[in-house]
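One structure below.
The values are calculated or read from the model by the stated rules, or taken from the named source; none is laboratory data. Note that this is a predicted model, so its numbers are computed, not measured. Because the Cβ atoms are built from the backbone with ideal geometry, glycine has one as well, and the counts that use them run over all protein chains shown.
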Amino acid sequence: METQNIQHYHKAIIPIMAVAAGVIVANVYYNQPILGEIGRSLNSSESVIGKISMLAQLGYGLGMFFLLPLGDKVNRKKLILMLTAALVVTLGLAACSQNATQILFLSFFVGLFSTPAQIILPMAATLGKENRGKNVGKVFSGILIGILGARVLSGLVTTYLGWRYVFVISALMVLFVMVLLYKYLPEIPSKFQGSYLRLLQSTLRLVKQYKTLRQAALLGSFTFGVFCSFWTTLTFHLSSEPLSYSTATIGLFGLIAIGGALVAPVFGRIADNGKVFKGLFITVSLLVGSIMLIKIFPYSILVLILSIFFLDIGVQATQIINFTRIYALDEQAHSRLNTIYMTTYFIGAAVGTFFGLWSWKIGNWDMATWQMLLWSCIALCLVYLSYRSTYKKRA
């Protein structure tokens, strides 16, 4: 059934899926470069308003666990459209927030209803096994550009129109891609026939069943934890003395990261060729090296630009390789495999953001970079241990 349906998919479906996923997931990240502006507008401190990022990521992570498995049980297209509509409404309410409590509460649901991006991603893996890494890489690149471009857009919009218009403009963009998805997204029959509870139970069994899934999820959580810790604290670093950059300038640093995201899909082809651990050693080493450079030269803009570029290549390419690994484990459980991976992934994001904010509070940029360096070194150790485990099994 699935192979026959593939012949009827619109030829532009992968680019449409990439754009839609990017526009939707961007909502988890619009807040990062504008936290200072939101805090000043709502008379809230950095420590309180910084929790906007943490709650958005936590909502996204919980959505991964409780909503994403439904992609294997119900009609994915209807599920995506329903959650996307809820996101539009939530964004409209966020634009009207009058105090910190309201924006914090709504940020959680913005994250929760941004999960369609991760329902779209495993759909790309079903459109031809021979190009799985390539298709997943393209859609994930759309997600990455959405994540990174969110900072640029929100910084510019906040500077010239105010932070509330970030949510208004995003609501209109999400509404637009919802129309595209309604028109072009393929109908893929669900594969799981049991109850929702059995669906969650079968999802958890995958953790025990697949060592590769456990390895990939843990690695993803540490690398993305570094990523989110970096971008959250970078906002405070760039806006503080001696740099004192404006919100618009801080947002423009996302353009550097987009360049890294465009390079990252190359590693999807490496994974398709079976060179998984070679790719992972390279990508995680880029992460470690980037943080070390920032640590040594904390106020050098040239070093910061280069480090952002290579840091983003390292983090995003690691995720693409991990996606290619886990989607090959079970053709009937792509959404549930993605659930385990992305839930762990965004728990890592929330924890990384929390420790980033905590490190900033007790030691500013110096302590924050020490924390990021520790996490990135742990990630490199995980790659080595996974390699050794796989090598011994084959021997």
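Tell me, which residue of the stretch 30-55 that is assigned to a loop (DSSP other than H, G, I, E, B) and surrounded by fewer than 24 Cβ atoms within 10 Å (Cβ to Cβ) is modelled with the lowest pLDDT? Ranking the candidates gives Ser45 first. For the residues Trp375, Trp370, the requirement of being over 30 Å from Ala124 (Cβ atoms) and at pLDDT 90 or above singles out Trp370.
Can you find even one residue in the stretch 225-244 that is surrounded by fewer than 18 Cβ atoms within 10 Å (Cβ to Cβ) and aliphatic (A, V, I, L, M)?
So far as the stretch 225-244 goes, yes, one or more of its residues are surrounded by fewer than 18 Cβ atoms within 10 Å (Cβ to Cβ) and aliphatic (A, V, I, L, M).
Output the residue which, of all residues in the stretch 295-344 that are among the aromatic types (Phe, Trp, Tyr) and modelled with pLDDT of 85 or more, is surrounded by the fewest Cβ atoms within 10 Å (Cβ to Cβ). Among those residues, the one meeting the criterion is Tyr299. Here the condition is being surrounded by 24 or more Cβ atoms within 10 Å (Cβ to Cβ), touching a residue at least 60 places away in the same chain (Cβ under 8 Å) and not in a loop (DSSP other than H, G, I, E, B); of Leu81, Leu58, Leu121, Leu62, it holds for Leu121 alone.
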